[in-house]
Amino acid sequence: MTTNRREFLKIAGVSTLSLIAPAIVCPAWAKDKIIPVSNSPEALSPSKALTAKRWAMAIDASKCPADCVDCIAACHATHNVPGFGNPKDEVKWIWQEKFAAAFPNESHAYLRESLQKQQLPVLCNHCANPPCVRVCPTKATFQRHDGIVMMDYHRCIGCRLCMAACPYGARSMNYRDPRPFIARINPDYPTRTKGVVEKCNFCQERLAKGLGPACVVACKEKALVFGDMENPQSEIRLLLEKRFNLLRRASLGTKPQIYYIL
Amino acid sequence: MGCSEESTFPGCVKDAAGRVIHGGPVYLVFLSFFIVLFLAGVVSGVYSLFIEGSRHAYGTYREIPLALLIATYIFFVVASTGLCLVSSIGHVFGNRDFLPIAKRSVLLALITIISGFLVIGLEIENPFRMMLYLFTSANLSSNIWWMGTLYMLYMIFMAVEFILLMRESHRIAAFFGFLSVLAGVSAHSNLGGIFAMLSGRDVWYGPFLPVYFILSAMMTGSAFIILFSIVAQKLRGQGMNEDEQKSLALVSKLAMLMIAAVAFLTIWKMITMTTGGETRLITLHETISGSHAFSFWVLEIACGLVIPFALLLWSRGTKRGLMLVASGLMIFSIFFMRLDLVVMAQIVPLYWELGVREFSQLHTYSPTWKEILVAFGGIGFCGMAFLLGEKVFNGFSGIRCANAVENGKAESEP
Ligand code: SF4
Ligand code: SF4
């Protein structure tokens with residue numbers, strides 16, 4: 001074997017190895033469930049806590065009166081969501097979008113205009129396969145056994161990868177100290193600090209006390225229905241069996257858990 | 001190591017400091033300039049993150065959360081991986097023609113990765129928490145976790161490799177060089193993976209980016225080696241020896257090959273975007289004929305691919321003036337390639353109405369001067385460390401290429 005051939009083979013062999021290496025440490029296989037021990041339903045649930053195998057929400061926006069923002073007001077007041085007064089660093093847990101904007105793949109130019117213009121409440125979908133949980137380097141975003149995708153504000157390093165990863169724009173960053181911008185502080189829920197991300201938590205703190213989510217309770221029209229998707233007799237399951245409904249950007253495989261009734 | 005074998009460590013430090021101080025007025029002006037740039041960047045970053053709040057200091061916001069500083073970080077780590085890969089051709093994979101550039105390249109790879117870490121440290125909102133929770137609350141499904149961890153390992157391997165190279169322990173250095181290549185390529189492909197695995201971002205999603213990143217790392221690495229070798233030669237004030245000239249000619253051929261590969265990938269990326277749905281179409285439209293057209297056609301294509309390729313071809317690997325301009329243009333342009341790659345995937349809003357091709361609806365991003373200062377801080381560190389390195393290690397004039405190869409051969413062959 002000439003020196004040149006030997007050198008070539010050496011280079012080729014080692015280069016191949018070095019290219020295979022990244023596949024070996026590819027994170028895809030490492031996809032674990034990411035459920036902290038302390039979040040098992042038993043650990044979280046005092047006797048009267050509301051529990052489920054998979055929490056989900058159905059939204060019948062046709063019931064929403066024009067200009068009604070009761071759900072938004074209730075949620076943001078309950079969770080000390082700051083009002084920075086600037087869309088660029090706005091923090092929002094639940095807000096409104098037009099059908100055409102929330103469902104770009106399902107809408108087209110000849111769709112009924114009233115439907116296209118219909119305002120829908122949008123929020124974190126508590127995806128069953130959440131990209132935000134997969135990308136978070138420190139498990140600051142994690143998923144509980146009951147499907148709720150939660151934030152541990154203390155572990156958030158503020159890398160904002162989850163904001164780029166969420167296909168629904170459901171996450172907001174506190175680019176400033178939010179405390180001076182909270183209209184009235186609710187002492188039952190923690191305020192956040194600068195540099196952490198936040199989003200809807202399906203009112204896990206209220207569920208633990210046996211209360212339904214603040215938005216669901218605040219909606220006088222009963223447009224929001226919250227329940228256990230794994231229980232065939234739950235109100236949400238019975239409703240979804242009867243009415244046509246859609247998931248947002250379902251083709252991405254994130255398995256959103258907010259069902260929109262149309 | 002730039003001082004005689006018998007010298008003591010304090011003696012070596014004194015020698016090195018003497019060489020820096022007597023580097024000449026031009027050298028000292030540049031060194032001071034880079035030091036000022038570095039300090040200004042650090043001050044701006046610390047002030048922005050910890051006092052003012054990044055949203056008001058930096059141009060990032062809710063809809064474009066990743067921008068200039070992430071792009072700068074990518075720029076530096078891409079350069080570092082490229083330098084590591086190109087230098088490894090010589091001292092890891094045994095191609096002796098690449099040996100003369102090895103030491104400088106490894107040092108540059110170390111410097112650029114530290115510059116990258118410096119910039120990301122001033123970009124992430126809670127850098128101290130990161131140091132804690134990256135280890136105590138690791139998420140093994142996160143590409144960013146793998147990237148960070150592997151790059152840390154890479155940095156350690158590179159540092160050991162550099163020390164061993166300077167001590168002329170080529171065989172063990174080659175082993176650490178191999179570990180650096182493994183860690184570097186793995187980390188780098190995970191960097192691509194961060195974006196490539198975001199299925200909700202059409203423009204990033206897919207296997208394109210990890211491949212593109214590796215190839216463009218080689219391109220960046222080659223450009224860095226050409227530029228810094230020629231500058232170092234000017235600093236030394238002596239001509240290049242024959243081995244170095246031969247190496248440089250080879251690196252410039254490699255650079256041309258990589259430019260061609262990156263151009264090929266870019267062309268196909270653009271072509272596939274024409275059929276990939278509205279988000280991709282709007283992004284493509286905006287890139288080639290919208291507000292980013294100048295950045296794309298002039299800064300990316302002309303300065304980064306076409307002109308450098310022509311200049312390198314013309315130089316035939318010997319006209320160093322042309323090579324200097326080509327590599328400088330490439331580095332300048334690659335920076336904008338990174339910026340566009342990061343920002344362009346975020347300009348189409350997640351909430352937008354189909355059929356409304358209103359470019360006024362697109363998100364826009366412009367960096368603030370505080371953000372730009374932090375990016376310059378990274379460049380300042382890179383320039384400062386390079387200039388110091390050249391004098392401290394005496395322009396790597398102790399390189400005994402022929403001996404090193406002989407030694408390497410003697411060591412590796414029974
Ligand atoms: S909607 Fe976004 S934030 Fe909520 S779980 Fe899904 S990916 Fe995560
Ligand atoms: S910003 Fe916070 S929650 Fe989001 S990925 Fe980074 S560490 Fe996780």
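Read-outs: derived from the displayed coordinates by stated rules, not from any lab. Since the model is a prediction, treat every value here as computed from it, not as a measurement. Every residue, glycine among them, receives a Cβ derived from its backbone with ideal geometry; neighbour counts consider all protein chains shown.
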What is the dipole size for the range A:55-261, taken about its Cα centre, with +1 at each Lys and Arg Cβ and -1 at each Asp and Glu Cβ, in debye to the nearest 20?
420 debye
Does the range B:60-365 come out rounded, prolate or oblate by the C-alpha gyration tensor, with a ≥ b ≥ c the root eigenvalues, rounded set by a/c under 1.5 and, if not, prolate when a/b is larger than b/c and oblate if not?
oblate
Sorted by average packing, counted as other Cβ atoms within 10 angstrom per residue and highest first, what order do A:134-147, B:299-312, B:362-375, A:174-187 take?
A:134-147, B:299-312, B:362-375, A:174-187
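Averaged over its residues, how many other protein chain Cβ atoms are within 10 Å of peptide B:186-199's Cβ atoms? Mind dumping the intermediate values first?
On the way: counts 9, 2, 1, 6, 4, 0, 1, 4, 7, 3, 0, 7, 9, 8.
Across the residues of B:186-199, the mean count of other-chain Cβ atoms within 10 Å is 4.
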Inverse of mean 1/r across different Cα pairs in the range A:81-170, Kirkwood, Å
15.0 Å
Which one, B:Gly94, B:Ile288, B:Phe135, projects farthest toward the positive side of the charge dipole computed for the range B:60-365 from Cβ point charges (K/R +1, D/E -1)?
B:Gly94
Filter on A:Lys194/B:Lys269; A:Lys117/A:Lys222; B:Lys14/B:Lys103; A:Lys48/A:Lys222; A:Lys92/A:Lys222 - keep pairs with C-alpha separation over 28 Å
A:Lys194/B:Lys269
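Where the eigenvalues come from the Cα gyration tensor of the range A:55-261, what are the semi-axes √(5λ) of the equivalent ellipsoid, largest first, in whole Å?
26, 19, 19
Which of the peptides B:214-227, A:241-254 is most tightly packed, and how do the rest follow, going by the mean number of other Cβ atoms within 10 Å of each residue?
Highest mean packing first, the order is B:214-227, A:241-254.
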Across the range B:291-305, in residue order, what do the Karplus-derived ³J(HN,Hα) couplings come to in whole Hz, using 6.51 cos²θ - 1.76 cosθ + 1.60 with θ = phi - 60° and x for Gly and Pro?
6, 9, 4, 4, 4, 6, 6, 8, 6, 8, 6, 5, 6, x, 10
Go from 0 up to the bin containing the longest alpha carbon distance in the protein assembly as shown, width 20 Å each, and give me the % of pairs per bin.
17, 47, 27, 9, 0
Computed over the range A:55-261: relative contact order in percent, which uses C-alpha pairs under 8 Å that are six or more apart:
31 percent
Considering Cα pairs under 8 angstrom that are at least six residues apart, work out the relative contact order of chain B and quote it in whole percent.
30 percent
Of B:Thr60, B:Ala375, B:Leu37, which is farthest along the charge dipole of the protein assembly as shown in the positive direction, counting Lys and Arg as +1 and Asp and Glu as -1 at C-beta?
B:Thr60
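I'd like to verify something in chain B: which complete DSSP H helices, judged by Cα projection on the helix axis, reach 30 Å or more and average at least 1.6 on the Kyte-Doolittle scale?
Both cut-offs are met by B:25-46, B:68-91, B:320-344.
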Within 10 Å of each Cβ of A:85-95, how many other protein chain Cβ atoms are there on average?
3
Would you mind calculating the relative contact order of the range B:155-236 from Cα pairs under 8 angstrom and at least 6 residues apart, reporting the percent as a whole number?
19 percent
If you find the alpha carbon centre of the range A:215-262 and of the range A:147-164, how far apart are they in angstrom?
24 Å
Taking θ = phi - 60°, what integer Hz values does the Karplus form 6.51 cos²θ - 1.76 cosθ + 1.60 yield along the range B:362-368, in sequence order, with x for Gly and Pro?
5, 6, 10, 9, 9, x, 8
Summing -39500 (n - 2.57) over every DSSP H run of at least 4 residues in chain B and dividing by its residue count gives a helix-only mean residue ellipticity at 222 nm, to the nearest 500 deg cm²/dmol, of -23500 deg cm²/dmol
Show me the ranking of peptides A:121-130, B:229-238 by mean Cβ neighbours inside 10 Å, starting with the highest.
A:121-130, B:229-238
If you take each beta carbon of peptide A:98-109 and count the beta carbons of other chains within 10 angstrom, what is the mean?
4
